[in-house]
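J.: Sharing a structure, written as structure tokens. Questions coming.
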Amino acid sequence: MLPLLGMLEFNELSLSEAEAAGFRQLGEAAKRCMRCMDRTACIRWLKCRGRYGPAPACPNAGYLEELKWRSNSS
């Protein structure tokens, strides 16, 4: 599983919302997640549901923020 899916859920976003925002952008986000060198830290953070501090640096942070903005705008 890609941590991206967990990060979507953690940010109260659905996969269908990400798809609606654009399949190309979602595909690029998935590629960034697969290439991330710190996926293990992200997976651990998600297992703790963020209770022990902020999320690790994520190459998809901007993408997730944009999705949250789009979700709140509609």
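J.: Could you go through segment 23-29 in sequence order and give the Karplus-derived ³J(HN,Hα) for each residue, using 6.51 cos²θ - 1.76 cosθ + 1.60 with θ = phi - 60°, rounded to whole Hz, and x for Gly and Pro?
T.: So the Karplus estimates, Gly and Pro as x, are 5, 5, 5, 5, x, 5, 5 Hz.
J.: Apply the a/c threshold of 1.5 to the C-alpha gyration tensor of the chain and tell me whether it is rounded, prolate or oblate.
T.: Values: a/c = 2.05, a/b = 1.36, b/c = 1.50.
Oblate.
J.: Can you give the calculated 222 nm mean residue ellipticity of the chain, where each DSSP H run of n ≥ 4 adds -39,500 (n - 2.57) and the sum is split over every residue, rounded to the nearest 500 deg cm²/dmol?
T.: Taking each H run of at least 4 residues, the total per residue is -20000 deg cm²/dmol.
J.: How would you classify segment 1-40 from its alpha-carbon gyration tensor, with a ≥ b ≥ c the square roots of the eigenvalues: rounded for a/c under 1.5, else prolate if a/b is greater than b/c, otherwise oblate?
T.: Oblate, since a/c reaches 1.5 and b/c is not below a/b.
J.: Note the angle between two axes, namely the Cα long axis of helix 61-73 and the longest principal axis of the Cα atoms of the chain, as a number of degrees from 0 to 90, rounded to the nearest 10.
T.: Helix 61-73 sits at roughly 40 degrees to that axis.
J.: Let me know the charge dipole size of the chain about its Cα centre in debye, to the nearest 20, where only the beta-carbon of Lys, Arg (+1) and Asp, Glu (-1) is charged.
T.: 320 debye
J.: Pull out a ≥ b ≥ c, the square roots of the eigenvalues of the alpha-carbon gyration tensor of segment 31-70, then state rounded if a/c is under 1.5, prolate if not and a/b is larger than b/c, and oblate in the remaining case.
T.: It comes out oblate by the Cα gyration axes.
J.: Considering only Ser71, Tyr52, Leu8, whose Cα is most displaced toward the positive end of the charge dipole of the chain, charges sitting on Cβ of Lys, Arg (+1) and Asp, Glu (-1)?
T.: Tyr52
Any read-out appearing in this document is the output of simple, stated calculations on the displayed coordinates, not a laboratory observation. No experiment lies behind these values; they were computed from the predicted model shown. Virtual Cβ from ideal backbone geometry, glycine too; neighbours counted across all protein chains shown.
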